[in-house]
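Take a look at the structure below.
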Amino acid sequence: MIDCRTLNQSFGFTLIELMVVVGIIGILAMVAVPKFTRYQAKARQAEAKIALSGIYTAEKSFMAEYSAYYSSMNAIGYSPEGQKRNYIVGFADATTNTAVGSTIGYLGATDVPSYANVNNTMTCTTGPALAAAVTLSLANGQSFNAGAAGCIRGNGSISDIWSMTDGKVLSNISIGY
């Protein structure tokens with residue numbers, strides 16, 4: 001025989017219980033998402049550090065061969081890898097090298113002072129610029145200052161700017177996270 005009282009009882013969650021769970025999940029997400037985006041931005045900064053380290057190595061190789069530094073990416077033999085780059089890397093201006101190039105004996109191509117960021121969905125509203133952040137100091141080709149600038153957070157208002165000198169001094173000029 002079937003008891004009528006057991007058929008009328010239903011098992012499950014009430015609307016109030018579901019709303020409490022959704023509220024708790026919302027609070028946890030509100031705390032966790034800003035921390036997660038900050039960690040993502042810090043991880044993207046590794047791209048700038050790696051690129052500047054590559055430029056430093058290429059400049060040192062060029063210096064060993066021609067006894068001077070040069071602010072042209074194709075002259076020093078540097079080319080960034082990958083189909084997605086968050087940073088503009090290179091030198092602010094390579095036109096100051098014209099006189100230095102003929103005196104050091106390098107007669108190759110000098111037309112690429114920097115590489116742009118590509119396939120990056122995050123763009124700065126003001127636009128990251130190497131010229132404003134990284135001044136090229138070529139005292140007779142005996143020093144250099146390479147830079148990396150980019151937007152690494154979705155807000156688009158802060159540029160993250162890095163600089164590396166010939167003494168391998170890495171500086172974060174503008175923290176973009």
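The values are calculated or read from the model by the stated rules, or taken from the named source; none is laboratory data. Since the structure is predicted, the reported quantities are computational estimates derived from the model, not experimental observations. As a convention, Cβ positions derive from the backbone with ideal geometry for all residues, glycine included, and neighbour counts pool all protein chains shown.
Could you run through segment 1-41 and say how many residues are of a type in the set (A, V, I, L, M, F, W, C), over 30 Å from residue 153 (Cβ atoms) and at pLDDT below 90?
6
Go through segment 45-68 and count every residue that is among the charged types (D, E, K, R) and crowded, with 20+ Cβ neighbours inside 10 Å.
2
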